[in-house]
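K.L.:
I am attaching a structure below and will ask some questions about it afterwards.
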Amino acid sequence: VQLQAFGGGLVQAGGSLRLSCVTSRRLFGITVLGWYRQAPEKQREMVATITDSGTTNYSDSVKGRFTISGDHAKNTVYLEMNSLRSEDTAAYYCKMTTYNYRAYWGQGTEVTVSS
């Protein structure tokens, strides 16, 4: 199974982007959808997650600016990013985790915010 993330690009500071992630075939038992990012020379970090019960969790750095949504049954996850800052520049990866903690990662989509 492959996860395809898309929607990244170059945007000016203050702008918006919407990332999407879909799977190449149906995954069953997905309980957590998430987005992570990795800036150059930095470790990958959690951006936002959403459980199948609708509970969301955000990194402090994106709270109030980013919104995660998705459909666990349809294996789709989105990340609405507003008020983008230069420090949001990174490769963004989607992740889907099953009830037994098996994780599937997308290939990453680049987001570049120019100041």
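The values are calculated or read from the model by the stated rules, or taken from the named source; none is laboratory data. Just so we're clear, the structure is a prediction, and the values are computed from it rather than from any experiment. Backbone-built Cβ (ideal geometry, glycine too); neighbour counts: all protein chains shown. These area figures cover heavy atoms from the full protein model, side chains too; ligands, DNA and RNA do not enter into them. Shrake-Rupley method; radii C 1.70, N 1.55, O 1.52, S 1.80 Å.
K.L.:
Got a sec? Which of SER83, SER53, SER61, SER69 is on the phi > 0 side of the Ramachandran plot and at pLDDT 95 or above?
P.N.:
On the way: SER53 fails: on the phi > 0 side of the Ramachandran plot; SER61 fails: on the phi > 0 side of the Ramachandran plot; SER69 fails: on the phi > 0 side of the Ramachandran plot.
Only one candidate passes the filter, namely SER83.
K.L.:
Does GLY54 fit the bill of being part of a loop (DSSP other than H, G, I, E, B), touching a residue at least 12 places away in the same chain (Cβ under 8 Å) and surrounded by fewer than 19 Cβ atoms within 10 Å (Cβ to Cβ)?
P.N.:
Working: part of a loop (DSSP other than H, G, I, E, B): yes; touching a residue at least 12 places away in the same chain (Cβ under 8 Å): no; surrounded by fewer than 19 Cβ atoms within 10 Å (Cβ to Cβ): yes.
For GLY54, the condition - part of a loop (DSSP other than H, G, I, E, B), touching a residue at least 12 places away in the same chain (Cβ under 8 Å) and surrounded by fewer than 19 Cβ atoms within 10 Å (Cβ to Cβ) - is not met.
K.L.:
In the set LEU27, LEU19, which member is in contact with a Gly (Cβ under 6 Å, 6 or more places away or on another chain), within 19 Å of ASN75 (Cα to Cα) and surrounded by 13 or more Cβ atoms within 10 Å (Cβ to Cβ)? Walk me through it before giving the result.
P.N.:
Numbers: LEU27 fails: in contact with a Gly (Cβ under 6 Å, 6 or more places away or on another chain).
Answer to the selection: LEU19.
K.L.:
Report, by residue number, each residue of region 79-115 that is open to solvent by 20 Å² or more (accessible area, probe 1.4 Å), within 18 Å of VAL62 (Cα to Cα) and among the charged types (D, E, K, R).
P.N.:
Result: GLU80, ARG85, GLU87, LYS95, GLU110.
K.L.:
Please determine, by comparing only the residues of region 67-115 that are aromatic (Phe, Trp, Tyr) and under 13 Å from the mean Cα position of the chain (by Cα), which one is farthest from SER24 (Cα to Cα).
P.N.:
Looking only at region 67-115, we keep the residues that are aromatic (Phe, Trp, Tyr), and these are 78, 92-93, 99, 101, 104-105.
Next, from what is left, pick out any that are under 13 Å from the mean Cα position of the chain (by Cα): 78, 92-93, 104-105.
Working: TYR78: 16, TYR92: 18, TYR93: 16, TYR104: 12, TRP105: 12 Å.
This residue is TYR92.
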